[in-house]
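See structure below.
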Amino acid sequence: MTTDTSVAPPVAQPPQQPASVHTSRRGVRSRIGSVLRHALLILAAFVMLYPLLWMIASSLRPDNEIFSSYGIFVNTFDTSHYPDGWNALAQPFSGYLLNSAIVVLGAILGNLVSCSMAAYAFARLDFPFKRSAFAVMLLTIMLPVHVVIVPQYILWANLDLINTFVPLILPKWLATDAFFIFLMVQFIRGIPRELDEAARIDGAGHARIFLRIILPLMVPALATTTIFTFIWTWNDFFTQLIFLTDPNLYTVPVALRSFIDAQENSSYGSLFAMSVVSLIPIFLAFLLGQRYLIQGIATTGGK
């Protein structure tokens with residue numbers, strides 16, 4: 001009886017590709033995916049910016065070409081809309097810019113002072129019905145302005161303050177913007193209470209703690225409040241249209257509406273030109289405060 005001691009020949013293994021090949025393939029796929037993502041983002045940005053680009057281009061076209069072309073390239077430059085629009089209304093457009101600046105500055109200061117104090121009270125103080133008051137304050141966020149505008153108008157009319165800037169500025173000093181109160185409350189809750197306790201050991205009261213400790217640490221939230229208040233107040237049309245009827249007191253949004261007349265020919269070229277001018281402060285505000293805006297929103301969303 002014999003035993004087969006022969007060994008089976010080894011099976012040939014397929015050649016393995018070096019690791020560098022796999023790495024290069026992954027790098028190529030990653031670059032292709034990155035290019036596609038950026039292309040989609042650029043396309044989406046162009047779609048969103050197209051109305052703005054078309055408005056800028058239309059402000060530089062002759063009147064007879066504004067609605068005959070939907071492209072963003074200008075064939076015939078006409079810059080006359082800018083000086084014409086600047087002096088087309090009851091006063092130079094600088095007067096309307098000044099009126100908007102007054103209203104915006106008063107609203108910003110009012111929100112910064114009143115909303116920060118209200119937020120400190122909700123975040124650090126203990127008082128009766130605190131939670132109920134906070135819940136009611138949050139419920140006011142869901143109230144549209146059209147619900148409260150009628151009683152507000154009756155109130156200001158009885159006080160003989162219609163056609164003044166008071167109805168547009170004074171409510172901001174009474175902490176009526178619940179969104180900013182909530183934003184600051186969330187920010188203050190993220191500040192360690194040990195800082196308050198250390199200040200109390202040194203004999204500081206609530207006023208000193210708020211001014212010396214809390215307020216300096218709230219710069220991102222205050223900057224976010226400033227930017228949002230600026231943009232919302234500068235673009236506000238409905239409220240300013242209700243309370244301002246004197247053309248000399250018109251703000252920028254109401255003045256822009258004056259270029260459109262249902263009875264006579266409307267000056268769309270001047271309207272687009274002054275719209276471009278009115279957008280410059282918003283761009284500058286967002287450009288200068290972008291870092292604080294992102295930081296303020298990011299640091300108030302954790303709680």
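Every number in this text was worked out from the coordinates using simple rules, so none of it is lab data. If you're wondering where the values come from, they're calculated on a predicted model, not measured in any experiment. Glycine also receives a Cβ, built like all others from the backbone with ideal geometry; neighbour counts cover every protein chain displayed.
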The chain, dipole about Cα centre (Lys/Arg Cβ +1, Asp/Glu Cβ -1), debye to the nearest 20: 1320 debye
By average C-beta atoms within 10 angstrom, highest first, the peptides 218-225, 126-133: 218-225, 126-133
At q = 0.07 Å⁻¹, base-10 log of I(q)/I(0) for the chain (Debye sum, equal scatterers on each alpha carbon): -0.46
Span-like helix ranges in the chain, DSSP H, alpha carbon extent 20 angstrom or more, Kyte mean at least 1.0: 93-124, 268-299
Backbone HN-Hα couplings from phi across the range 249-260 [Karplus 6.51/-1.76/1.60, Hz, Gly and Pro as x]: 9, 4, 8, 4, x, 5, 5, 5, 5, 5, 6, 9
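Let me have the relative contact order for the range 85-299, percent, based on Cα pairs under 8 Å that are six or more residues apart.
Numbers: 206 pairs, mean separation 73.2, N = 215.
Dividing the mean separation by the residue count of the range 85-299 yields 34 percent.
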Helix-only mean residue ellipticity at 222 nm for the chain, each DSSP H run of n ≥ 4 adding -39500 (n - 2.57), per residue, nearest 500: -20500 deg cm²/dmol
